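**Student:** Got a structure for you, questions after.
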Amino acid sequence: MKILDIIDGVFPISSAIKNAYISFAEMTCSAVAVVTDQVRDGERVVGFGFHSNGRYDQQGILRSRMIKRLNQAGAEEFMNAEGTNVDPFKAWQVMMANEKPGGHGERSVAVGTLDMAMWDLAAKLEGKPLYKMLAEQYRDGISDDSVYVYAAGGYYYPDKGIKGLTEEMQGYLDLGYDTIKIKIGGASLSEDCQRIEAVIALLDSGQKLAVDANGRFDLAMALEYVQALNQYELKWFEEPGDPLDFKLLAEVAAASLNPIATGENLFSMQDARNLIRYGGLQADRDILQVDPALSYGLVEYLRFLGILTDSGWSHRSCIPHGGHQFALHLTAGLGLGGNESYPGLFFPFGGFADDAVIKEGRIALAKEPGIGIEQKKELMKLYRRMLTENGW
């Protein structure tokens, strides 16, 4: 097997929405394709990758460092011993050659984007969905055939009041989700409580609401919100303060009657380890949302899972951020607790296969090789255009 090309493109995923911290009006995304000389069922085998929403495109780092290093190394340096498949662990080492420790931010997103493509390619060349391949490697072949998913939305839209919010949330419930999430911190506490109460009024027995502050609060405001939120039975209270302020997090977690969820803005094993050590979270209650596509990919995420095990945490405490197919396969293959979903947002990268059905808050896994990007028609149009423009 030979790798013929590694290409990248930048695409808009803009939307007229805001959370408590940022607007998504100019959001972009990097996509990559690893092109091989292999053909399956009349189609050239290509590994596809992209990164999650919330971080801008990584074209500069991809072209000047990560893709450049892979090309200079030559594919034989990141192939398996038989030369029949890529080895994502070796590819990761090539990408990270000559990189100093620390500085986990944009670099981790670029590596995570390429890492996704390498795992997609590896699974395709084995002729298996990625979750099955991971289950064979790490769980004695045991995989989850369906995954818990929740619907993330409830952003602050221009001219969209409580009526629009409740219509949006009811739409997610009608799709089959039993957990829905809204943003807080972008309005006053009293207005946010009105939003929360309006959504809770929609819920039936067994359905839950989570809230997300996107790291907006200082300690005083975070504790003020905790006291207000304690009157509700929430699925979780997400990112109350800056993701690296573990002292704030520990105080909030101690005061909260609801579970705390955080981690989507931690981009390395070391930062996630410090979260476990110093964040004051409870292993039997709280949720870890580290996103592999933003944090150096699955290679690094496996190191994080090792830290969890050594610290007495279950993999089921992990519900990755991102709402994409890669995290869905990791959840099913590695026995994580669930996956985020953004119905109708961050098109065409967000979401799952076009024919996916949510039933009682769960989604069944597809059987096609790789991570299933080919089962998203509009996303494949984007990738085919990118390949064609580069001579493929």
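**Student:** Heads up, I need the accessible area for HIS315: 1.4 angstrom probe, whole protein in place, Å², nearest 10.
**Tutor:** HIS315 has an accessible surface of roughly 50 Å² with all protein chains in place.
**Student:** In vacuum, with every alpha carbon of the chain counted as one equal point scatterer, what does the Debye formula give for log10 I(q)/I(0) at q = 0.07, 0.10 Å⁻¹? Two decimals, please.
**Tutor:** -0.30, -0.62
**Student:** Just the Kirkwood number for the stretch 66-192, please: inverse of mean 1/r across all distinct Cα pairs, in Å, one decimal.
**Tutor:** Taking the inverse mean of 1/r over all distinct Cα pairs, the stretch 66-192 comes out at 18.7 Å.
**Student:** Continuing with this model, one more query. Return the FRET efficiency for the residue pair HIS315, ASP159: r is the Cβ-Cβ distance, R0 is 41 Å, and the value is rounded to the nearest 0.05.
**Tutor:** 0.45
**Student:** Tell me whether the stretch 152-207 comes out rounded, prolate or oblate; compute the Cα gyration tensor, take square roots of the eigenvalues as a ≥ b ≥ c, and use a/c under 1.5 as the rounded threshold.
**Tutor:** prolate
**Student:** On alpha carbon coordinates alone, what is the Rg over Rh value for the stretch 279-389, Rh being the Kirkwood radius?
**Tutor:** Expressed as Rg/Rh, it is 1.01.
**Student:** Now a separate question. Can you list, bin by bin at 10 Å, the percent of alpha carbon pairs in the stretch 56-98, starting at 0?
**Tutor:** Bins of 10 Å from zero give 30, 48, 19, 2 percent of pairs.
**Student:** Quickly work out the GLU233-to-ALA254 label distance, labels modelled 7 Å from Cα along the C-beta direction, and quote it in nm with one decimal.
**Tutor:** A separation of 2.8 nm, rounded to one decimal place.
**Student:** Then there is this: For the stretch 221-345, just run the numbers: alpha carbon Rg, then divide by 2.2 N^0.38 Å, N being how many residues it has.
**Tutor:** Scaled against compact globular proteins, the figure is 1.02.
**Student:** Using modelled backbone amide H atoms (1.01 Å from N, in-plane), which distant-in-sequence or interchain residues come within less than 5 Å of ARG362's amide H?
**Tutor:** VAL149
**Student:** With just the Cα atoms of the stretch 221-272, tell me how far they stretch along each of the three principal axes, in Å, largest first.
**Tutor:** Principal-axis extents of the stretch 221-272 (Cα, largest first): 35, 20, 14 Å.
**Student:** Right, here's the next one. Would you rank ASP354, ASP5 by solvent-accessible area, highest first, keeping every protein chain in place and using a 1.4 Å probe?
**Tutor:** ASP354, ASP5
**Student:** Around ALA31, with a cut-off of 11 angstrom between Cβ atoms, what is the net charge of the other residues, counting Lys and Arg +1 and Asp and Glu -1?
**Tutor:** Every neighbour counted, the sum reads -1.
**Student:** Taking the stretch 98-190, which GluC sites (Glu not before Pro) meet the DSSP loop condition and have no more than 16 other C-beta atoms within 10 Å?
**Tutor:** Here the GluC sites (Glu not before Pro) that fit, given the DSSP loop and packing criteria, are GLU99.
**Student:** What's log10 of I(q)/I(0) for the stretch 122-253 at q = 0.11, 0.15, 0.19, 0.22 Å⁻¹, Debye sum over Cα points only, no solvent?
**Tutor:** Values returned for q = 0.11, 0.15, 0.19, 0.22 Å⁻¹ are -0.53, -0.79, -1.00, -1.19.
**Student:** Looking at the stretch 1-107 from every direction and averaging, what is the projected area of its Cα convex hull in nm²?
**Tutor:** Quarter of the Cα hull surface area: 8.7 nm².
**Student:** Say we join alpha carbon atoms closer than 10 Å with springs in a Gaussian network model of the chain; which of TYR342, TYR148, TYR157 then has the biggest fluctuation?
**Tutor:** Judging by the Gaussian network model, the answer is TYR157.
**Student:** Using a simple spin-label model with points 7 Å from Cα along the Cα→Cβ vector, what separation in nm is obtained for ASP218 and GLN59?
**Tutor:** 3.9 nm
**Student:** Restricting to DSSP loop positions (anything but H, G, I, E, B) with no more than 12 other Cβ atoms inside 10 Å of their own Cβ, which GluC sites (Glu not before Pro) remain in the stretch 192-247?
**Tutor:** When the GluC sites (Glu not before Pro) of the stretch 192-247 are filtered for loop state and at most 12 Cβ neighbours within 10 Å, GLU233 remain.
**Student:** Would you compute, from DSSP H runs of 4+ residues alone, the mean residue ellipticity of the chain at 222 nm, taking -39500 (n - 2.57) per run and dividing by the full residue count, rounded to the nearest 500?
**Tutor:** Value at 222 nm, helices only: -11000 deg cm²/dmol.
**Student:** The stretch 1-71: which trypsin sites (Lys or Arg not before Pro) are DSSP loop and have at most 13 other beta-carbon atoms within 10 angstrom?
**Tutor:** LYS2
**Student:** Also, I was wondering about something else. Kindly flag which residue pairs out of LYS124/LYS208; LYS2/LYS376; LYS132/LYS183 have an alpha-carbon separation exceeding 29 Å in this structure.
**Tutor:** LYS124/LYS208; LYS132/LYS183
**Student:** If you don't mind, there's one more thing I want to ask. At 7 Å along Cα-to-Cβ for each site, give me the label-to-label distance between ASN390 and ALA187 in nm.
**Tutor:** 4.4 nm
**Student:** Quote the Stokes-Einstein diffusion coefficient, in whole µm² s⁻¹, for the stretch 314-356, based on the Kirkwood radius over alpha carbon pairs, a temperature of 4 °C and a viscosity of 1.567 mPa s.
**Tutor:** 122 µm²/s
**Student:** Additional query: Accessible area per residue of the stretch 157-286 at 1.4 Å probe, in Å²?
**Tutor:** Result: 42 Å² of accessible area for each residue.
**Student:** Would you tell me the accessible area of SER190, worked out with a 1.4 angstrom probe on the heavy atoms of the protein chains, in Å² to the nearest 10?
**Tutor:** It works out to around 80 Å².
**Student:** At 1.4 Å probe size, with the rest of the protein present, what percent of the exposed accessible area of the chain is carbon and sulfur atoms?
**Tutor:** C and S fraction of accessible area: 48 percent.
The values are calculated or read from the model by the stated rules, or taken from the named source; none is laboratory data. Just so it is clear, the structure is predicted and the values come from calculations on it, not from any experiment. Counting neighbours? That spans all protein chains shown, and the Cβs are built from the backbone with ideal geometry, glycine included. Side chains included, ligands, DNA and RNA excluded: accessible areas come from the protein's heavy atoms. Shrake-Rupley method; radii C 1.70, N 1.55, O 1.52, S 1.80 Å.
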